[in-house]
Amino acid sequence: MVDIDTGPEISLEALQAGDRAEFARLVDAYSIQIYRLALKMLGDEQDAEDVLQNTFMKALQSLGSFEGRSSLSTWLYRIAVNEALMLLRRQKPTIPVAMDYEDDDDELQHPTQFTDWCCLPEEELLSAESKGHLDKAIRRLPEKLRVVFLLRDIEGLSIRETGEALGLTETAVKTRLLRARLNLREQLSMYYGERLKEEQA
Amino acid sequence: MEEKNCKSLLGSLSDYVDGTAQEELCREIERHLAGCEDCRIVVDTLKKTVYLYHSSIEADLPVAVRERLFKRLNLDEFLKTN
């Protein structure tokens with residue numbers, strides 16, 4: 001997990017006074033997180049780069065009205081998520097929306113995969129092919145689950161920060177996080193289950 | 001305390017794998033896991049799922065992406081300061 005607050009201390013005062021060197025520091029402190037989030041949400045490097053650039057352009061424009069009620073990083077994530085969602089909306093027809101009907105109040109999907117693939121060696125679990133599959137599995141998640149999972153489990157935001165970035169209650173964040181994790185576990189179990197069979201064959 | 005069944009266990013799994021579940025709940029879950037192989041696998045593979053995603057993140061921004069970003073933001077003069 002990446003600790004988002006270990007970066008250099010950024011001065012909001014300097015940023016709001018128009019200190020460009022300080023803004024460059026802000027960009028360097030958070031650009032990898034924003035790029036990674038956009039890449040995992042959208043699955044396309046060019047789209048991710050657009051989101052990255054637009055996020056910091058918007059941040060630059062709206063710094064004056066930032067009141068510091070959330071942390072700078074949470075604020076940047078919020079802008080980035082909106083940018084990415086806008087892009088997704090525009091592309092919607094090409095993106096599979098399977099299971100998007102799932103609602104927070106619906107009963108949890110009961111597990112169907114019971115293969116114990118934990119024993120697979122780490123180089124198999126994290127091979128280039130496996131990593132490609134991990135990313136693909138994220139993109140098969142319904143959007144609203146995907147974004148919660150990315151902020152919480154990939155970027156390492158707390159439940160509260162994730163809620164702030166998305167305008168959700170902590171309860172909603174927790175519900176969606178659990179759904180996302182269970183969904184991914186099902187997908188990974190099918191994938192690694194096959195690898196396990198190959199290995200034992 | 002009534003024995004937890006598989007279904008009621010499901011809702012507490014995130015808290016359990018994050019280590020934020022109350023002690024009493026943890027004990028209940030562990031009691032159930034000891035006698036339920038399917039749930040034990042679900043918990044183990046769920047933990048592993050979260051772990052794998054943690055372990056596979058990219059830590060560096062591609063140099064060319066950073067350059068184009070700085071140009072777009074008119075911050076060219078600070079490109080070398082990193």
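The values are calculated or read from the model by the stated rules, or taken from the named source; none is laboratory data. Quick caveat, the model's predicted, so the values are computed rather than measured. Neighbour counts run over all protein chains shown; Cβ positions are idealised from the backbone, glycine included.
Could you please find all residues in region A:58-93 being among the hydroxyl-bearing types (Ser, Thr, Tyr) and more than 15 Å from the chain's Cα centre (by Cα)? Before the answer, list the steps.
So the first thing to find is which residues in region A:58-93 are among the hydroxyl-bearing types (Ser, Thr, Tyr), and the list is A:62, A:65, A:70-71, A:73-74, A:77.
Answer for region A:58-93, where residues must be among the hydroxyl-bearing types (Ser, Thr, Tyr) and more than 15 Å from the chain's Cα centre (by Cα): A:Ser62, A:Ser65, A:Ser70, A:Ser71.
Please tell me if B:Leu10 is surrounded by 12 or more Cβ atoms within 10 Å (Cβ to Cβ) and closer than 25 Å to A:Ile32 by Cα. Let's see the steps before the verdict.
Values: surrounded by 12 or more Cβ atoms within 10 Å (Cβ to Cβ): yes; closer than 25 Å to A:Ile32 by Cα: no.
Criteria not met by B:Leu10.
Considering each residue of region A:55-76, count those that are part of a helix (DSSP H, G or I) and either among the small types (Gly, Ala, Ser) or at the interface with chain B (Cβ under 9 Å from one of its Cβ atoms) (or both), and give that number.
Step one: filter region A:55-76 for residues part of a helix (DSSP H, G or I), giving A:55-65, A:72-76.
Filter once more, keeping what is either among the small types (Gly, Ala, Ser) or at the interface with chain B (Cβ under 9 Å from one of its Cβ atoms) (or both): A:56-57, A:59-60, A:62, A:64-65, A:73.
Result for region A:55-76: 8.
Count, please, the residues in region B:3-29 that happen to be away from chain A (no Cβ under 12 Å) and in a helix (DSSP H, G or I).
7
Just to verify a result, which residue in region B:39-66, among those that are modelled with pLDDT of 95 or more and exposed (fewer than 13 other Cβ atoms within 10 Å of the Cβ), is farthest from the chain's Cα centre (by Cα)?
Out of the qualifying residues, it is B:Ala64.
Do we find a residue being polar (S, T, N, Q), modelled with pLDDT of 95 or more, within 26 Å of A:Glu143 (Cβ to Cβ) and exposed (fewer than 14 other Cβ atoms within 10 Å of the Cβ) anywhere in region A:42-49?
Yes, that holds for at least one residue.
B:His32 - would you say it is touching a helix residue (DSSP H, G or I) at 6+ places or on another chain (Cβ under 9 Å) and either at the interface with chain A (Cβ under 8 Å from one of its Cβ atoms) or surrounded by fewer than 16 Cβ atoms within 10 Å (Cβ to Cβ) (or both)?
On the way: touching a helix residue (DSSP H, G or I) at 6+ places or on another chain (Cβ under 9 Å): yes; either at the interface with chain A (Cβ under 8 Å from one of its Cβ atoms) or surrounded by fewer than 16 Cβ atoms within 10 Å (Cβ to Cβ) (or both): no.
No.
Do you know which residues across region A:24-47 are more than 7 Å from chain B (Cβ to nearest Cβ) and either farther than 22 Å from A:Val147 by Cβ or within 12 Å of the chain's Cα centre (by Cα) (or both)? Before the answer, list the steps.
First, pick out the residues of region A:24-47 that are more than 7 Å from chain B (Cβ to nearest Cβ): A:25-26, A:29-30, A:33-34, A:37-47.
Across region A:24-47, the qualifying residues are A:Arg25, A:Leu26, A:Gln33, A:Ile34, A:Leu37, A:Ala38, A:Leu39, A:Lys40, A:Met41, A:Leu42, A:Gly43.
I'd like to know if region B:49-56 contains one or more residues that are more than 7 Å from chain A (Cβ to nearest Cβ) and assigned to a helix (DSSP H, G or I).
Yes, region B:49-56 contains at least one residue that is more than 7 Å from chain A (Cβ to nearest Cβ) and assigned to a helix (DSSP H, G or I).
Of B:Val65, B:Val17, which residue is in contact with a Lys or Arg (Cβ under 7 Å, 6 or more places away or on another chain) and not hydroxyl-bearing (Ser, Thr, Tyr)?
Numbers: B:Val65 fails: in contact with a Lys or Arg (Cβ under 7 Å, 6 or more places away or on another chain).
None of the other options fit; the residue is B:Val17.
Considering only region A:87-109, how many residues are closer than 16 Å to A:Met190 by Cβ and either surrounded by 13 or more Cβ atoms within 10 Å (Cβ to Cβ) or modelled with pLDDT of 90 or more (or both)?
2
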